[in-house]
Each structure stands twice: as structure tokens, then as C-alpha cells.
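Here is the structure we will look at.
Nothing in this text is a laboratory measurement; each read-out follows from the coordinates by a stated rule. All of these numbers come straight from a predicted model, not from anything done at the bench. With ideal geometry, Cβ positions are generated from the backbone for all residues, glycine too; neighbour counts draw on all protein chains shown.
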Amino acid sequence: MPFSIVISGVTGRVGRALAELARADPDVRLAGALASESSAKQPLDADRRVRINDPPAPPVDAVIDFSTSSGCARAIRCALDSGAALVVGTTGLADRVESHLRDAAASIPMLVAANTSLGACVLIDLASRATRALGDAYDVSLIEAHRAGKRDAPSGTALALARAVRDSGGSIDDGAVLSLRAGDTVGEHTVRFDATGETLQITHRATDRRLFAAGALRAAKWLAGRPPGRYAMSDVLGL
């Protein structure tokens, strides 16, 4: 039986990539699609069976959200109503939505990730390992770059990297996180460890937004059917 998903934020960059993946994969069924009200009722597939913001066609295995705070709140309700797993790749969420996520984790399995790229997940793990190995003799800094117009700065991934460094016993000042917004940069994150005589630099560079869609779909397949609770991309990769 195909793996059935609802895409929240289907008219966005990653949402469109997810829809393309679903259409190309015979083992994935697009059960529904959510977007802003201005996109309501637009047909999403050639045979017009799926229309944006129509109720999803059961069963639903997972809801995947790449939208906004309000869109994420709607995705949470959809997942709860469907008894489905929830993958959230939206960043810059409002406090009230974060609270909704904490409450919903008691009822459904969910995975919230600042970045669903598998490589970015490994980058965060490597930053943690490097921090523990090098100790406090190294100055840690972060540089992140995204397309012009990206609203949140620093990016959610940069915040996750800074948190990983601090959780591993390191320190990083707010002034040591540099955000660049230019052109059509998909996403680039660099962690630097500087000491007298040497620099260790670890970089992840995304060149195609389809990698976020592919990572989110892999996470959704891993998550569906697991006990309620909050999971991370590191769980998907066994890190």
C-alpha cells in the first residue's frame, strides 16, 4: 500500500519539490495539500483528484510541513485529526506554535528539524564531536548564507549548530554568528574552530532544494507508526 502524505505549504519552494517527489514515486500517495487561503481549491495533480485545502483522503500516514507559523498550526491539527505522524521543517515558529507542538507530541509521533538535509544533520553531529574533542582552547564561530529575502536570521540551522556547540561544552557568542542574505543561495553553513596556528572548518552547502524534500520524506517514512513523542533527524540517521 502506498505511503500517504499531506503536504503543508505545498505552494512553497520545498513544498513544490515534495509534490514532485510524490508524483514521481509509485510508492507514495499524495493524500492532501495545504496552503494559504489564496491558493484554495487549486488542482494539484493532472487528474484533479487532489485540490489544495480540500480535506485529505484517508488514510494519512504523515503530514509534512514547510510553511509558516500559522501553516504549521494547521498542519498540527491535520496530523492530530488524521492520527498521522508529523514532520516539521518550518523555522522561526511563534512561541504559541511551539507550545502546540509540545502538547501534540503526547498524542502523535513528530519530528521537528531546522534542516531536513541529511548532510546538515551530519554537520551538526560533527560540530558537537569537534567541540568535545577540542575543548575551550578554540574560538568557535558560524557563518551562514541564504537567498535574499529569507526572513529569519540567523537561520534555524545556525541556531541548531550554536545549540549543539553549547550543549557539548563549548561557547559561542552571538557576535560570532554571521548571517548573509544574497542572490538565490539555497543554504550554506560553516562552523569554524580557530586556535593559534590552525583552523578547523566544517562546511555544508546545499545546491538544490529537492534535498530538503527528500530528507523530509525519508524522515516521515521512518517516523510513521512510532510511539508518540518528539524525534530528531539524528534519530533517523542513528547518530
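What the table below lists for this structure:
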{"read-out": "Total charge dipole magnitude, the chain, about the Cα centre, Cβ charges on Lys, Arg, Asp, Glu only, Debye to nearest 20", "value": "660 debye"}
{"read-out": "Where only alpha carbons of the range 118-206 are counted, the Rg and the Dmax (Å)", "value": "12.6, 38"}
{"read-out": "Difference of contour (0.36 nm per residue) and Cα-Cα distance, Glu20 to Asp173", "value": "51.0 nm"}
{"read-out": "Listed residues Ala105, Ala127, Ala24, most fluctuating in the chain (Gaussian network, C-alpha, under 10 Å)", "value": "Ala24"}
{"read-out": "Cα-derived Rg to Rh of the range 53-107, Kirkwood definition", "value": "0.94"}
{"read-out": "Spacing of the two label points (7 Å from each Cα toward its C-beta) at Asp125 and Arg151, in nm", "value": "3.2 nm"}
{"read-out": "Length gained when the stretch Leu237-Ala133 is fully extended (0.36 nm per residue, less Cα-Cα span)", "value": "35.3 nm"}
{"read-out": "Between the range 172-224 and the range 79-129, the alpha-carbon center distance in angstrom", "value": "17 Å"}
{"read-out": "Under-5 Å amide H pairs with Ala84, H placed in peptide plane, nonlocal only", "value": "none"}
{"read-out": "Order of Val10, Val236, Val186 under a 10 Å beta carbon neighbour criterion, fewest first", "value": "Val186, Val236, Val10"}
{"read-out": "Structure-based [θ]222 nm, the chain - -39500 (n - 2.57) summed over DSSP H runs of at least 4, per residue, nearest 500", "value": "-11000 deg cm²/dmol"}
{"read-out": "Zone of Ser36's modelled label, taken as backbone nitrogen in the range 134-160 under 18 Å from a point 7 Å along Cα→Cβ", "value": "148-152"}
{"read-out": "Least to most buried among Ser99, Ser67 (fewest other Cβ within 10 Å first)", "value": "Ser99, Ser67"}
{"read-out": "Lys/Arg +1, Asp/Glu -1 at C-beta; the range 118-206 dipole; positive extreme among Gly170, Val140, Ser155", "value": "Ser155"}
{"read-out": "Radius of gyration and Dmax over the Cα atoms of the chain, both given in Å", "value": "18.5, 63"}
